[in-house]
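Note sheet for the following structure.
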Amino acid sequence: MDLSRIDPADIPVHVGLILDGNGRWANARGLPRTAGHLAGEEALFDTVEGALEIGISWLTAFTFSTENW
């Protein structure tokens, strides 16, 4: 990504993420739910790296819900 094209004024200080659908993603592909969770983990790591790269100061990830039990 060409970071020189990003206006620093457009970069938010805090971004919140709600991780949802990893199990459904896996089920739709005939994979075990754990495969979806692994794919979600990889996507989260990519997102964290990108946030650090562009200078986002705070990143909040909601990753767990009792509604999943």
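A short reminder: the numbers here are calculations on the coordinates, not readings from a lab. Since this is a predicted model, take the numbers as computed values, not measurements. With ideal geometry, Cβ positions are generated from the backbone for all residues, glycine too; neighbour counts draw on all protein chains shown.
Computed quantities for the displayed model
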quantity: Those residues of the stretch 29-61 whose amide nitrogen sits under 19 Å from the label point placed on Val13, 7 Å along Cα→Cβ; calculated: 51-61
quantity: Only Lys, Arg (+1) and Asp, Glu (-1) charged, at Cβ; the stretch 1-41 dipole about Cα centre in debye; calculated: 360
quantity: Long-range amide H partners of Leu17 with built H, under 5 Å; calculated: Thr60, Ala61, Phe62
quantity: Under the Karplus curve 6.51 cos²θ - 1.76 cosθ + 1.60, θ = phi - 60°, whole-Hz ³J(HN,Hα) for the stretch 39-50, x wherever Gly or Pro sits; calculated: 5, x, 4, 4, 5, 5, 4, 4, 5, 4, 4, x
quantity: Charge dipole magnitude, Cβ of K and R +1, D and E -1 - the chain, Cα centre, debye nearest 20; calculated: 360
quantity: Three-way shape call for the chain based on the alpha-carbon gyration tensor, with the a/c threshold at 1.5; calculated: prolate
